[in-house]
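The values are calculated or read from the model by the stated rules, or taken from the named source; none is laboratory data. Keep in mind it's a predicted model, so treat the numbers as computed, not measured. In this analysis, Cβ positions are derived from the backbone assuming ideal geometry, glycine residues included, and neighbour counts consider all displayed protein chains. What goes into the accessible areas is simple: the full protein's heavy atoms, side chains included, and nothing from ligands, DNA or RNA. Shrake-Rupley method; radii C 1.70, N 1.55, O 1.52, S 1.80 Å.
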Amino acid sequence: MPILTKFRLDRSRLAAPQVFESLREAILTLELVPGAMLVRSDLAGQFGVSQTPIREALLRLEEEGLVEVFPQHATLVSRIDVAAAREAHFLRRSIELEIVRTLALQPPPGLVVQLQAQCALQESLAAAQRYDDFLGADHGFHRLMYEAAGVMGLWALVRRYSGHVDRLRRLHLPTAGKTGVIMRQHRAILDAIDRQNAPAAQEALREHLSGTLSAVDNVCAQHPDYILQG
């Protein structure tokens with residue numbers, strides 16, 4: 001698992017959340033692909049921790065639907081559940097439509113400059129085809145809006161349910177022209193907030209969030225082994 005070569009345990013923090021964060025990132029970026037087996041003893045050795053924080057991390061991942069735990073048998077990275085992805089998309093869209101409306105009606109000082117900087121970062125990452133970093137910057141763009149609206153608790157909620165849809169997005173991202181479309185949509189959201197045009201901000205956001213799920217059949221056809229069937 002390549003992600004573990006970058007892991008450095010911070011002894012000032014609890015081990016289980018660090019293991020959880022690293023494994024979750026590896027699953028969402030598809031370094032750990034759907035169906036991959038996770039062996040507690042192997043993970044404990046690679047992370048340099050006991051099996052207790054490994055067990056706690058895997059339980060949290062199971063709660064998010066990212067792993068399947070078969071007692072006394074195996075733990076597997078879950079396949080992508082398209083129905084769960086659609087539910088997560090519905091939740092996020094509902095929340096963010098209200099967020100962009102609120103921000104457009106009264107943009108907080110400095111928000112537009114922050115969003116512009118995030119767009120510039122994304123464009124440089126797209127040019128370098130650094131897709132995982134690009135997605136991280138994409139999350140950063142949206143996180144800035146949650147923070148500006150004062151609803152960071154809802155960001156945590158959305159992220160908790162985003163695992164399946166995030167993996168679909170990661171599969172879809174290398175499609176020719178996809179990063180360019182995302183950037184145009186981000187710029188449209190940003191421009192509407194800057195102009196204090198709430199309907200335009202909501203329309204741009206609605207179009208932006210519909211991208212991957214509108215192409216879900218193609219994504220599933222290209223990666224059938226990664227998708228939960230039935």
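Here are a few things to note about the model shown:
- Ordering of 54-65, 157-168 by packing is 157-168, 54-65, highest average first (other Cβ atoms within 10 Å, averaged per residue).
- Angle in degrees between helix 178-194 and the longest Cα principal axis of the chain, rounded to the nearest 10: 50
- Using a Förster distance of 35 Å, the FRET efficiency for residue 11-residue 229 (Cβ separation, nearest 0.05): 0.20
- The phi-based Karplus calculation (6.51 cos²θ - 1.76 cosθ + 1.60; θ = phi - 60°) puts the 3J(HN,Hα) values of segment 31-46 at 5, 9, 7, x, x, 5, 8, 10, 9, 4, 5, 5, 5, 4, x, 6 Hz, whole numbers, x for Gly and Pro.
- Ordered from longest to shortest, the equivalent ellipsoid semi-axes for the chain are 33, 20, 16 Å, each the square root of 5 times a Cα gyration tensor eigenvalue.
- Only the Cβ atoms of Lys and Arg (+1) and of Asp and Glu (-1) were treated as charged; on that basis the dipole of segment 107-230 about its Cα centre amounts to roughly 100 debye.
- Inter-label distance, nm, simple model (7 Å from Cα along the C-beta direction), residue 176/residue 59: 5.0
- Within segment 140-179, backbone nitrogen closer than 19 Å to the virtual label 7 Å beyond the Cα of residue 124 toward Cβ: 140-142, 144, 179
- Helix 82-105 and the long axis of the chain differ in direction by around 40°, with both axes built from C-alpha atoms.
- Listed peptides 141-150, 7-16 by packing density, highest first (mean Cβ within 10 Å): 141-150, 7-16
- Label separation (residue 90 vs residue 196): 3.6 nm, computed from points 7 Å beyond Cα along the C-beta direction.
- Shown are 78, 41, whose ranking by accessible area with a 1.4 Å probe and every protein chain present, most to least, is 41, 78.
- Close amide H pairs (under 5 Å, H built 1.01 Å from N) link residue 227 with 80, residues at least 5 positions away or on another chain.
- Helical mean residue ellipticity (222 nm; -39500 (n - 2.57) per DSSP H run of 4+; nearest 500) of the chain: -21000 deg cm²/dmol
- Förster-model FRET efficiency, 30 Å R0, residue 72 and residue 132, C-beta, rounded to 0.05: 0.30
- Residues whose amide H comes within less than 5 Å of that of residue 38, counting only those at least five positions distant or on another chain, are 75, 76, 77 (H built at 1.01 Å from N in the peptide plane).
- Only Cα pairs under 8 Å and 6+ residues apart enter the sum, and on that basis the relative contact order of the chain stands at 25 percent.
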